[in-house]
Amino acid sequence: MKNFDINNIRADFPLLKREVNGKPLVYLDNGATTQKPQVVIDALVNYYTDMNANVHRGVHYLSQISTDAFEVTRQKVQSFINAEHDYEIIITKGTTDSINLVAQCFGQAFIDKDDEIIISAMEHHSNIVPWQMLCDAKGAVLKVIPMNDHGDLDMEAYKALLSAKTKIVSVTYVSNSLGTINPIEEIIALAHSNNTPVLVDAAQAVQHIALDVQKLDADFLVFSGHKMYAPTGVGVLYGKEKWLNAMPPYQGGGDMIKDVTFEKTTYNELPFKFEAGTPNIEAGICLAHAIDYINEIGLDAIQKYEDDLLAYATAEILKIEGVRIIGTANKKSSVLSFIVDGIHPYDIGVILDKLGIAVRTGHHCAQPVMAQFEIPGTVRASLAMYNTKEDIDTFIKGLQRAVTMLK
Ligand code: PLP
């Protein structure tokens with residue numbers, strides 16, 4: 001492994017040292033958001049201590065250095081996901097913002113009445129609702145790729161859904177509620193053989209799996225900074241140049257224009273056409289530092305480490321009577337979702353919290369998934385590179401205690 005030293009990694013994350021409810025914190029809610037390494041926190045403080053100024057607009061020194069630092073992020077993201085051009089990287093507020101951008105702008109240009117949009121049965125609400133809103137506005141139809149009870153997509157059903165009416169496919173790479181890693185290359189190849197572009201929701205993939213948008217041949221790919229060790233309020237939309245150029249702008253305002261008169265406005269070129277208004281500059285700058293941090297350790301090493309940890313956690317949890325794992329796909333990443341017979345997930349979450357163990361309980365913004373499994377929600381432990389076997393042992397011990405108390 002490149003630089004994978006778990007003790008060094010843990011030492012880089014100051015929040016992991018704190019106690020919660022008098023116990024050392026065990027943070028297993030990384031699918032919701034990750035903790036931040038000191039280099040990212042330092043970059044945030046440094047921005048306000050040393051360079052705060054608006055970007056893309058000033059000739060003065062501070063504006064230039066903050067613009068340069070912000071634009072470094074675009075280049076880092078470009079090489080991180082291997083995009084062909086830096087102007088194919090649009091800096092957004094996050095995954096949700098990126099998907100809404102595509103739904104609205106692609107929708108305006110390419111979706112008409114009775115057209116079809118394909119998503120999957122395991123999408124986060126962020127990859128359902130924007131498309132429903134578009135369908136409502138345009139009279140288009142939302143189609144859903146079904147999944148089986150392991151959480152694997154039914155690829156035959158997907159093939160059958162693709163038709164001349166299909167205008168876009170929008171699917172998650174990794175499910176936040178089940179952990180399934182979808183066969184995204186095959187999903188894209190099949191869509192392309194139908195002349196249909198694909199949006200990949202990489203919110204739960206980008207921090208675990210090395211991405212190459214050219215190799216995947218993704219038309220759009222989106223993710224959030226805060227789930228990959230950067231601050232909240234920043235995210236990415238990658239789009240192929242040909243699609244971004246063919247789409248109208250998202251929001252109107254500063255930065256996205258070339259010329260404005262009261263009679264007519266002409267729009268800026270990529271990427272600025274899609275970046276109206278002052279961005280979250282400090283978070284944007286910090287995203288570059290988070291990418292450097294991940295690269296330093298290496299995503300292959302991170303993935304291997306997290307896979308081993310997930311396998312260990314899965315084996316351990318199955319020793320507890322009454323546990324049922326929700327999401328048992330062949331290929332999984334970093335998510336252990338489960339229920340315990342006769343116990344509400346919320347009650348388990350409350351007891352684990354008392355023990356300093358942070359997990360997520362509820363529907364994980366994936367209510368249709370919960371409906372398919374006929375459950376109100378799950379308990380979800382989601383892993384990051386800084387979690388350890390000791391974290392898992394503490395969690396399993398806490399869970400055993402919770403189960404004994406609540407049975
Ligand atoms: N898509 C997936 C798969 C997610 O897991 C999430 C967040 O949990 C989102 C989209 C939305 O991300 P954000 O809230 O950062 O916009």
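Here are a few things to note about the model shown:
- Candidate set from the range 89-123 (those that are within 16 Å of the ligand (Cβ to nearest atom), among the small types (Gly, Ala, Ser) and in a helix (DSSP H, G or I)); member that is nearest to residue 327 (Cα to Cα): 98
- Of all residues making up the range 310-359, the number that are open to solvent by 10 Å² or more (accessible area, probe 1.4 Å) and assigned to a strand (DSSP E or B): 7
- Subset tally (residues that are away from the ligand (no atom under 16 Å from the Cβ), assigned to a loop (DSSP other than H, G, I, E, B) and open to solvent by 30 Å² or more (accessible area, probe 1.4 Å)) for the range 124-140: 1
- Residue satisfying all of: in the range 215-228; among the small types (Gly, Ala, Ser) and outside any strand (DSSP E or B); nearest to the ligand (Cβ to nearest atom) among these: 225
- Check on residue 311, more than 22 Å from residue 124 (Cα to Cα), away from the ligand (no atom under 16 Å from the Cβ), without any contact (Cβ under 8 Å) to a residue 12 or more places away in the chain and not assigned by TED's automatic domain parsing to the domain that holds residue 209: yes
- Restricting 64, 104 to residues that are surrounded by fewer than 22 Cβ atoms within 10 Å (Cβ to Cβ) and closer than 29 Å to residue 209 by Cβ narrows the list to 104.
- Number of the condition not met by residue 74 [criteria: (1) assigned to a helix (DSSP H, G or I); (2) touching a residue at least 12 places away in the same chain (Cβ under 8 Å); (3) within 20 Å of residue 209 (Cβ to Cβ); (4) not aromatic (Phe, Trp, Tyr)]: (3)
Per-residue answers, yes or no, for (1) assigned to a helix (DSSP H, G or I); (2) in contact with a Ser or Thr (Cβ under 6 Å, 6 or more places away or on another chain); (3) open to solvent by less than 30 Å² (accessible area, probe 1.4 Å):
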residue: 230; (1), (2), (3): no, no, yes
residue: 245; (1), (2), (3): yes, no, no
residue: 251; (1), (2), (3): no, no, no
residue: 266; (1), (2), (3): no, no, no
residue: 295; (1), (2), (3): yes, no, no
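- Of the residues in the range 57-66, at least one is under 30 Å from residue 32 (Cβ atoms) and touching a residue at least 24 places away in the same chain (Cβ under 8 Å).
- With respect to the conditions (1) among the aliphatic types (A, V, I, L, M); (2) open to solvent by 40 Å² or more (accessible area, probe 1.4 Å); (3) assigned to a loop (DSSP other than H, G, I, E, B), residue 270 lacks only one, and its number is (2).
- Here is the figure for the range 170-186: residues that are farther than 18 Å from residue 238 by Cα and either open to solvent by 10 Å² or more (accessible area, probe 1.4 Å) or more than 12 Å from the ligand (Cβ to nearest atom) (or both) total 4.
The values are calculated or read from the model by the stated rules, or taken from the named source; none is laboratory data. Small disclaimer: the values here were computed from a predicted structure and weren't measured. Glycine gets a Cβ as well: all are built from the backbone with ideal geometry, and neighbour counts include every protein chain shown. These accessible areas exclude ligands, DNA and RNA; they are computed on the full protein's heavy atoms, side chains included. Shrake-Rupley method; radii C 1.70, N 1.55, O 1.52, S 1.80 Å.
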